[in-house]
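To keep things clear, I will list the structure first and then write my remarks on it.
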Amino acid sequence: MTVTGADIVGLDRIAVREAVRVVDLAGGADWERDTPCAGWTLRRLVAHMAAQHHGFAAAARGAGEDEARWREPRDMGEPSRVHREAAAEALGAFGEPGAGEREFALPELGGSFPGRLAISFHFVDYVVHAWDVAATLGAAVELPDDVLGAALAVARLVPADPARRGPGFAFAPAGEVPAGAGPLEETLRLLGREPERWPVRG
């Protein structure tokens, strides 16, 4: 099964809802915590997540070239609410008839992509960002095996060329994947995360 042959919209919906759940766990001083995204506080990470939701929603509706649609929200006084509303916009756009068959303009990736492929990019991003938020809070992500397996399939397709990884790019350099790693750990390491540095607190 190819990922774009799966119910990518349904998989994405599960990942996004989990991201919403873990963002909603945060409050107070949590927003200033460091995250697995180097140099970003949790507030900044959630602003980025909201911006990506809005941008992908615009792309699904034929307006992805508009760079204003990808800007981070100015008002992050209520990060959970801002993220929740942005996530609802993305899920609504992806659920519209024919969304998966449209071309999505994704300026950050340098071009346009078939809708289902573009949604797979959003999907793996939110599996990883759900983990980023949970890891920041010392919590665990709760995603079913089929979602984690699909995310790994997408992660394995992301180019590992060092010239396209690191500061200024979507992902850090890929890490070594130890023998016996599960699908979530492998996905995280392929996309530049170091899960051993972010243990789940009891």
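The values are calculated or read from the model by the stated rules, or taken from the named source; none is laboratory data. This one's a predicted model, so the numbers in the text were calculated from it and none came from an experiment. We place every Cβ from the backbone using ideal geometry, glycine too, and count neighbours over all the protein chains shown. These area figures cover heavy atoms from the full protein model, side chains too; ligands, DNA and RNA do not enter into them. Shrake-Rupley method; radii C 1.70, N 1.55, O 1.52, S 1.80 Å.
In whole percent, and with a 1.4 Å probe on the protein chains, what portion of the accessible area of the chain is carbon and sulfur? Walk me through the numbers on the way to the answer.
On the way: 5110 of 9720 Å².
After summing per-atom areas, the C and S share lands at 53 percent.
What FRET efficiency, computed as 1/(1 + (r/R0)^6) with R0 = 22 Å and r the Cβ-Cβ distance, is obtained for E176 and V200, rounded to the nearest 0.05?
Values: r = 21 Å, r/R0 = 0.98.
So, using R0 = 22 Å, E works out to roughly 0.55.
What is the set of long-range amide H partners of L106 at a cut-off below 5 Å, with H atoms built 1.01 Å from backbone N?
G111, S112, F113
Tell me, what HN-Hα J-couplings in whole Hz come from the Karplus equation 6.51 cos²θ - 1.76 cosθ + 1.60 at θ = phi - 60° for each residue of segment 66-79, using x for Gly and Pro?
Once rounded to whole Hz, the list reads 6, 4, 4, 5, 9, 6, 5, x, 6, 9, 10, x, 10, x.
Order F94, F113 by their accessible area, 1.4 angstrom probe, all chains in place, largest first. All intermediate terms of the calculation are to be shown ahead of the outcome.
Values: F94 5, F113 45 Å².
So the residues, ranked largest to smallest area, are F113, F94.
Provide the net charge surrounding G115, with neighbours chosen by a C-beta distance below 9 Å and charges set as Lys +1, Arg +1, Asp -1, Glu -1. Walk me through the intermediate numbers first.
On the way: positive: R102, R116; negative: E101, E103.
In short, 0.
First select every other residue whose beta carbon is under 13 angstrom from the beta carbon of A90; then total the charges, Lys and Arg +1, Asp and Glu -1. The partial results should precede the final answer.
Details: positive: R13, R17, R61, R69, R84; negative: D12, E85, E89, E96, D125.
Charge balance near A90 sits at 0.
Give or take rounding to whole Å, what are the principal axis extents of the alpha carbon atoms in the chain, in descending order?
Taking the Cα atoms of the chain, the three principal extents are 44, 41, 33 Å.
Residue by residue through segment 9-21, what is 3J(HN,Hα) from phi via Karplus (6.51 cos²θ - 1.76 cosθ + 1.60, θ = phi - 60°)? Round to whole Hz and write x for glycine and proline.
Computed from phi, the couplings for segment 9-21 are 5, x, 4, 4, 4, 5, 5, 5, 5, 5, 4, 4, 4 Hz.
Farthest toward the dipole's positive end in the chain, which of L188, G95, W40, given Cβ charges of +1 (Lys, Arg) and -1 (Asp, Glu) about the Cα centre?
Final value for the positive-end residue is W40.
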